[in-house]
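Where a number appears in this text, it was derived from the coordinates with a stated rule and is not lab data. The shown structure was predicted, so the numbers you read here are calculated from the model rather than taken from an experiment. Cβ placement follows ideal geometry from the backbone for every residue including glycine, while neighbour counts extend to all protein chains displayed.
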Amino acid sequence: MSNYTLPDLPYDYNALEPVITKEMLEIHYDKHHRIYVNNLNAFLEKYHEAEVKHDAEKMLELSSIVKFNGGGHINHSIFWEILSPQSKAGGDLKETYEIYKSITKHFGSFEKFKELMNTKTVAIQGSGWGWLGVSKQTKALIVDTTLNQDLLSAKGIIPLFCIDVWEHAYYLKYKNLRADFVKNIWSILNWEIIETKYKKAIL
Ligand code: MN3
């Protein structure tokens, strides 16, 4: 039996204000993410039951809902991890970081990278995620997007950080202004964690 659990939030519900309000974070984490975890456990159990019975048709029927909820759990777990209060490390990208050096080398400048990331993420049609990642094969930095709860790793890219642009991520405060939410997220990114992920990814 599978038993996935909600990961602990590394900060309080009000710690990411004013970018993400207490109410936004509470609902996003404790309601949305929790439902992905609960559904993942429930549907994996049904999947295992079908597997025991060698019911391939049932397994195929369940696989997309397992993929969706599993992706929701994994993507949100990455998202909480790479955010940090402004009073701590939030938004603090040090020029000595390897990730800073690689971004400026790869994209020309940090501002160019940020503009590309913002443009691609804001332009996602419907629900999805904007990503900075590292190609598993070439180790090059890649700005990409995924729809719904699809995983970046399924494209052969190791995730470094992500921006959730499902409406549930921003609508309470930003209403239809997705671009404002994406612009503000940069001030609560935890570059210390992103740097650690980058170093591990290029090993
Ligand atoms: Mn979300």
Worksheet item: In this structure, does residue 164 turn out to be acidic (Asp, Glu) and farther than 25 Å from residue 26 by Cβ?
Response: no
Discussion item. For the structure I just gave you, tell me whether residue 107 is closer than 25 Å to residue 152 by Cα, of a type in the set (Phe, Trp, Tyr) and surrounded by 19 or more Cβ atoms within 10 Å (Cβ to Cβ).
Written reply: no
Response to the item:
Condition set away from the ligand (no atom under 14 Å from the Cβ) and among the basic types (Lys, Arg), scope segment 28-60, selection nearest to residue 173 (Cα to Cα): answer is 46
Response to the item:
Residues of segment 19-34 being in contact with a helix residue (DSSP H, G or I) (Cβ under 8 Å, 6 or more places away or on another chain) and either in a loop (DSSP other than H, G, I, E, B) or without any contact (Cβ under 8 Å) to a residue 24 or more places away in the chain (or both), in sequence order, are 19, 20, 21
Worksheet item: (1) outside any helix (DSSP H, G or I); (2) within 14 Å of the chain's Cα centre (by Cα): which one isn't true of residue 137, the others all being true?
Response: (2)
Worksheet item: Out of segment 151-175, which residues are within 16 Å of the ligand (Cβ to nearest atom), over 15 Å from residue 189 (Cβ atoms) and not in a loop (DSSP other than H, G, I, E, B)?
Response: 152, 167, 168, 170, 171, 172, 173, 174
